[in-house]
Amino acid sequence: MRTRLIVGNWKMNKTASEAATFVGELSRQLVKVPAGMELVVAPPFTALESVGRVLGSGSLIQLGAQNLFWEPKGAYTGEISAPMLRDLGCRHVILGHSERRTLFGERGDGIRKKLQAAFAHGLRPILCIGESLAQREAGSTDEVLAQQLHESLDGFSTETLDSLTVAYEPIWAIGTGRSATTEQAVAAHRTIRAVLSATASPVIAERTRILYGGSVTTQNITSLLSSDQVDGALIGGACLEVSSFATIINLASTTRSIGV
(Lines give C-alpha, C1' and ligand atoms only; values in the text may rest on other atoms or scores of the structure.)
Protein backbone atom coordinates (compact mmCIF):
# COMPACT_ATOMS: atom_id res chain seq x y z
CA MET A 1 0.00 0.00 0.00
CA ARG A 2 1.41 3.38 -1.05
CA THR A 3 1.53 6.04 1.66
CA ARG A 4 -0.71 9.01 0.85
CA LEU A 5 1.22 12.25 0.32
CA ILE A 6 -0.11 15.81 0.56
CA VAL A 7 2.26 18.58 -0.59
CA GLY A 8 1.69 22.31 -0.21
CA ASN A 9 3.56 24.32 -2.85
CA TRP A 10 3.64 27.94 -1.68
CA LYS A 11 5.26 29.20 -4.90
CA MET A 12 6.40 32.86 -4.55
CA ASN A 13 4.32 33.61 -1.46
CA LYS A 14 5.07 34.43 2.19
CA THR A 15 8.06 36.16 3.72
CA ALA A 16 10.23 34.24 6.15
CA SER A 17 8.34 35.62 9.16
CA GLU A 18 4.93 35.00 7.58
CA ALA A 19 5.95 31.45 6.74
CA ALA A 20 7.11 30.75 10.29
CA THR A 21 3.82 32.01 11.70
CA PHE A 22 1.88 29.93 9.19
CA VAL A 23 3.52 26.58 9.99
CA GLY A 24 3.29 27.30 13.69
CA GLU A 25 -0.47 27.72 13.40
CA LEU A 26 -0.80 24.74 11.05
CA SER A 27 1.09 22.55 13.51
CA ARG A 28 -1.26 23.63 16.28
CA GLN A 29 -4.33 22.78 14.20
CA LEU A 30 -2.94 19.36 13.22
CA VAL A 31 -2.74 17.31 16.38
CA LYS A 32 -1.20 14.53 14.38
CA VAL A 33 -0.72 13.45 10.79
CA PRO A 34 -2.79 10.27 10.45
CA ALA A 35 -1.11 6.94 9.91
CA GLY A 36 -0.63 6.17 6.25
CA MET A 37 -0.12 9.81 5.28
CA GLU A 38 2.85 12.14 4.79
CA LEU A 39 2.61 15.92 4.76
CA VAL A 40 5.09 18.28 3.09
CA VAL A 41 5.28 22.07 2.83
CA ALA A 42 7.44 23.71 0.16
CA PRO A 43 8.09 27.38 1.02
CA PRO A 44 10.17 29.73 -1.15
CA PHE A 45 13.93 29.45 -0.66
CA THR A 46 14.04 32.52 1.58
CA ALA A 47 11.67 30.91 4.09
CA LEU A 48 13.15 27.41 4.28
CA GLU A 49 15.35 28.16 7.29
CA SER A 50 12.64 29.91 9.31
CA VAL A 51 10.08 27.19 8.56
CA GLY A 52 12.57 24.44 9.36
CA ARG A 53 13.39 26.10 12.67
CA VAL A 54 9.71 26.18 13.68
CA LEU A 55 9.08 22.61 12.59
CA GLY A 56 12.14 21.15 14.28
CA SER A 57 13.54 17.68 13.77
CA GLY A 58 10.58 15.80 15.21
CA SER A 59 7.81 17.57 13.32
CA LEU A 60 5.00 15.67 11.64
CA ILE A 61 5.32 18.12 8.74
CA GLN A 62 8.25 17.57 6.38
CA LEU A 63 10.16 20.31 4.59
CA GLY A 64 10.43 20.47 0.80
CA ALA A 65 11.90 22.87 -1.75
CA GLN A 66 10.41 24.15 -4.99
CA ASN A 67 13.45 23.68 -7.21
CA LEU A 68 17.21 23.12 -7.28
CA PHE A 69 20.20 23.42 -9.61
CA TRP A 70 22.03 20.30 -10.72
CA GLU A 71 25.57 21.28 -9.64
CA PRO A 72 26.55 20.97 -5.95
CA LYS A 73 28.38 24.32 -5.96
CA GLY A 74 30.05 26.79 -8.29
CA ALA A 75 29.65 30.06 -10.21
CA TYR A 76 25.90 29.83 -10.75
CA THR A 77 24.54 33.15 -9.55
CA GLY A 78 21.09 32.91 -8.04
CA GLU A 79 20.93 29.10 -7.96
CA ILE A 80 20.43 26.73 -5.02
CA SER A 81 22.06 23.30 -4.77
CA ALA A 82 20.89 19.98 -3.35
CA PRO A 83 23.49 20.04 -0.52
CA MET A 84 22.24 23.48 0.50
CA LEU A 85 18.69 22.15 0.69
CA ARG A 86 19.75 19.12 2.70
CA ASP A 87 21.61 21.37 5.14
CA LEU A 88 18.36 23.29 5.72
CA GLY A 89 16.52 20.08 6.52
CA CYS A 90 14.72 19.52 3.23
CA ARG A 91 13.69 15.96 2.44
CA HIS A 92 11.74 16.60 -0.77
CA VAL A 93 12.10 18.82 -3.83
CA ILE A 94 9.60 19.70 -6.57
CA LEU A 95 11.10 19.46 -10.07
CA GLY A 96 9.75 20.17 -13.55
CA HIS A 97 6.74 22.18 -12.38
CA SER A 98 4.77 23.54 -15.34
CA GLU A 99 5.59 27.10 -14.31
CA ARG A 100 9.29 26.24 -14.51
CA ARG A 101 8.72 24.71 -17.93
CA THR A 102 6.53 27.45 -19.40
CA LEU A 103 7.97 30.59 -17.76
CA PHE A 104 11.63 29.62 -17.47
CA GLY A 105 12.10 27.27 -20.41
CA GLU A 106 13.03 24.12 -18.50
CA ARG A 107 13.17 20.99 -20.64
CA GLY A 108 13.70 17.28 -20.26
CA ASP A 109 17.49 17.23 -20.25
CA GLY A 110 17.82 19.89 -17.55
CA ILE A 111 15.08 18.31 -15.46
CA ARG A 112 16.84 14.95 -15.73
CA LYS A 113 20.07 16.49 -14.42
CA LYS A 114 18.17 18.05 -11.53
CA LEU A 115 16.63 14.67 -10.73
CA GLN A 116 20.10 13.13 -10.75
CA ALA A 117 21.33 15.75 -8.27
CA ALA A 118 18.34 15.17 -6.00
CA PHE A 119 18.84 11.40 -5.99
CA ALA A 120 22.59 11.76 -5.43
CA HIS A 121 22.12 13.90 -2.33
CA GLY A 122 19.31 12.00 -0.71
CA LEU A 123 16.41 14.23 -1.64
CA ARG A 124 13.11 12.70 -2.71
CA PRO A 125 12.08 14.39 -5.97
CA ILE A 126 8.50 15.13 -6.96
CA LEU A 127 8.53 15.17 -10.77
CA CYS A 128 5.74 17.26 -12.30
CA ILE A 129 4.33 16.46 -15.73
CA GLY A 130 1.19 17.51 -17.56
CA GLU A 131 -0.40 18.59 -20.81
CA SER A 132 -1.65 21.96 -22.08
CA LEU A 133 -5.28 22.61 -22.97
CA ALA A 134 -4.45 22.44 -26.68
CA GLN A 135 -2.76 19.06 -26.22
CA ARG A 136 -5.73 17.69 -24.27
CA GLU A 137 -8.21 18.93 -26.85
CA ALA A 138 -6.07 17.33 -29.58
CA GLY A 139 -6.29 13.99 -27.77
CA SER A 140 -2.54 13.78 -27.17
CA THR A 141 -2.49 13.71 -23.36
CA ASP A 142 -1.11 10.18 -23.16
CA GLU A 143 1.66 10.91 -25.66
CA VAL A 144 2.68 14.11 -23.85
CA LEU A 145 2.86 12.38 -20.47
CA ALA A 146 4.87 9.48 -21.91
CA GLN A 147 7.31 11.85 -23.64
CA GLN A 148 7.87 13.92 -20.51
CA LEU A 149 8.51 10.80 -18.44
CA HIS A 150 10.96 9.39 -20.99
CA GLU A 151 12.83 12.70 -21.28
CA SER A 152 13.19 13.08 -17.53
CA LEU A 153 13.79 9.49 -16.41
CA ASP A 154 15.94 8.07 -19.21
CA GLY A 155 19.04 6.33 -17.89
CA PHE A 156 18.08 5.94 -14.22
CA SER A 157 18.25 2.54 -12.58
CA THR A 158 15.16 0.99 -11.05
CA GLU A 159 16.84 1.21 -7.64
CA THR A 160 17.32 4.96 -8.03
CA LEU A 161 13.72 5.53 -9.11
CA ASP A 162 12.41 3.83 -5.98
CA SER A 163 12.32 7.21 -4.17
CA LEU A 164 10.56 9.06 -7.02
CA THR A 165 7.13 10.67 -6.75
CA VAL A 166 5.29 11.84 -9.88
CA ALA A 167 2.75 14.67 -9.86
CA TYR A 168 0.24 14.88 -12.69
CA GLU A 169 -0.61 18.55 -13.08
CA PRO A 170 -2.59 19.44 -16.20
CA ILE A 171 -1.40 22.90 -17.19
CA TRP A 172 -4.92 23.97 -18.08
CA ALA A 173 -6.04 23.38 -14.48
CA ILE A 174 -3.26 25.20 -12.60
CA GLY A 175 -4.44 28.41 -11.00
CA THR A 176 -7.51 28.54 -13.23
CA GLY A 177 -10.07 27.15 -10.82
CA ARG A 178 -10.78 24.48 -13.41
CA SER A 179 -9.80 21.09 -12.01
CA ALA A 180 -9.61 17.82 -13.90
CA THR A 181 -12.50 15.52 -13.19
CA THR A 182 -11.82 12.43 -11.14
CA GLU A 183 -12.18 10.37 -14.33
CA GLN A 184 -9.65 12.51 -16.20
CA ALA A 185 -7.18 12.34 -13.31
CA VAL A 186 -7.55 8.58 -12.95
CA ALA A 187 -7.04 8.03 -16.69
CA ALA A 188 -3.85 10.11 -16.66
CA HIS A 189 -2.55 8.33 -13.57
CA ARG A 190 -3.14 4.96 -15.23
CA THR A 191 -1.14 6.13 -18.23
CA ILE A 192 1.73 7.29 -16.03
CA ARG A 193 1.81 4.00 -14.15
CA ALA A 194 1.77 2.04 -17.40
CA VAL A 195 4.72 4.05 -18.77
CA LEU A 196 6.66 3.53 -15.54
CA SER A 197 5.96 -0.19 -15.73
CA ALA A 198 7.24 -0.42 -19.28
CA THR A 199 10.30 1.83 -18.89
CA ALA A 200 11.40 1.09 -15.32
CA SER A 201 9.70 -2.01 -13.92
CA PRO A 202 6.27 -3.18 -12.78
CA VAL A 203 7.55 -3.08 -9.21
CA ILE A 204 8.60 0.58 -9.51
CA ALA A 205 5.28 1.41 -11.18
CA GLU A 206 3.39 -0.14 -8.31
CA ARG A 207 5.48 1.57 -5.62
CA THR A 208 5.62 5.06 -7.14
CA ARG A 209 3.23 7.58 -5.67
CA ILE A 210 1.37 9.63 -8.27
CA LEU A 211 -0.17 12.87 -7.02
CA TYR A 212 -2.75 15.10 -8.66
CA GLY A 213 -2.12 18.83 -8.87
CA GLY A 214 -4.25 21.52 -10.47
CA SER A 215 -6.80 23.67 -8.62
CA VAL A 216 -7.15 21.23 -5.73
CA THR A 217 -9.65 22.59 -3.20
CA THR A 218 -11.61 21.60 -0.14
CA GLN A 219 -14.51 20.90 -2.51
CA ASN A 220 -12.80 18.38 -4.81
CA ILE A 221 -10.12 16.68 -2.68
CA THR A 222 -12.44 13.90 -1.50
CA SER A 223 -13.52 13.04 -5.04
CA LEU A 224 -9.96 13.10 -6.38
CA LEU A 225 -8.70 10.79 -3.64
CA SER A 226 -11.59 8.36 -3.99
CA SER A 227 -9.57 6.30 -6.49
CA ASP A 228 -6.63 4.17 -5.45
CA GLN A 229 -4.86 5.47 -8.56
CA VAL A 230 -4.48 8.91 -6.92
CA ASP A 231 -1.98 8.75 -4.08
CA GLY A 232 -2.22 12.32 -2.89
CA ALA A 233 -2.20 15.92 -4.03
CA LEU A 234 0.17 18.75 -4.95
CA ILE A 235 -1.68 21.84 -3.77
CA GLY A 236 -1.10 25.45 -4.78
CA GLY A 237 -3.43 28.31 -3.86
CA ALA A 238 -5.53 26.33 -1.39
CA CYS A 239 -2.48 25.66 0.82
CA LEU A 240 -1.80 29.35 1.45
CA GLU A 241 -4.48 29.72 4.12
CA VAL A 242 -4.14 27.64 7.28
CA SER A 243 -7.84 26.84 7.50
CA SER A 244 -8.23 25.58 3.92
CA PHE A 245 -4.99 23.60 3.99
CA ALA A 246 -5.87 22.01 7.33
CA THR A 247 -9.32 21.13 6.00
CA ILE A 248 -7.81 19.48 2.91
CA ILE A 249 -5.43 17.47 5.08
CA ASN A 250 -8.25 16.33 7.36
CA LEU A 251 -10.46 15.39 4.42
CA ALA A 252 -7.58 13.50 2.81
CA SER A 253 -7.00 11.59 6.03
CA THR A 254 -10.59 10.36 6.17
CA THR A 255 -11.17 9.63 2.48
CA ARG A 256 -11.04 5.95 1.64
CA SER A 257 -9.77 4.96 -1.79
CA ILE A 258 -11.48 2.37 -3.91
CA GLY A 259 -10.16 0.45 -6.88
CA VAL A 260 -11.35 2.62 -9.76
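The values are calculated or read from the model by the stated rules, or taken from the named source; none is laboratory data. Owing to the predicted nature of the structure, the values given are computational and were not obtained by experimental measurement. Cβ sites come from the backbone with ideal geometry, for glycine too, and all protein chains shown count toward neighbours. With ligands, DNA and RNA removed, areas are computed over all heavy atoms of the protein, side chains included. Shrake-Rupley method; radii C 1.70, N 1.55, O 1.52, S 1.80 Å.
Points to keep in mind about this one:
- Counting only protein heavy atoms and a 1.4 Å probe, the chain has 45 square angstrom of accessible area per residue.
- The stretch 38-124 - percent of accessible surface contributed by carbon and sulfur, probe 1.4 Å: 50 percent
- Peptides 70-79, 186-195, 138-147 ranked from most to least packed, by the mean per-residue count of other Cβ atoms within 10 Å: 186-195, 138-147, 70-79.
- The structure shown yields Cα Rg over 2.2 N^0.38 Å, and of the options (1) 1.00; (2) 1.37; (3) 0.94 that calculated value carries the label (3).
- Placing +1 on the Cβ of every Lys and Arg and -1 on the Cβ of every Asp and Glu, with no other charges, gives the stretch 111-199 a dipole of roughly 240 debye about its Cα centre.
- Sorted largest first by accessible area at a 1.4 angstrom probe radius, with every protein chain in place, the residues 218, 21 fall in the order 21, 218.
- Think of each Lys and Arg Cβ as +1 and each Asp and Glu Cβ as -1; about the Cα centre, that makes the dipole of the chain roughly 480 debye.
- The Cα atoms of the stretch 86-229 give a gyration tensor whose axes a ≥ b ≥ c have a/c under 1.5, which makes the shape rounded.
- Under a Gaussian network description of the chain, with springs only between Cα atoms under 10 Å, the residue in 111, 248, 80 that fluctuates furthest is 80.
- With every protein chain in place, the stretch 140-198: carbon and sulfur % of accessible area (1.4 Å): 49 percent
- With the charge dipole of the stretch 174-260 set up from +1 on Lys and Arg Cβ and -1 on Asp and Glu Cβ about the Cα centre, the Cα lying farthest toward the positive end among the listed residues 221, 233, 199 is that of 199.
- Only protein heavy atoms count here; under a 1.4 Å probe, residue 162 has an accessible surface of about 70 Å².
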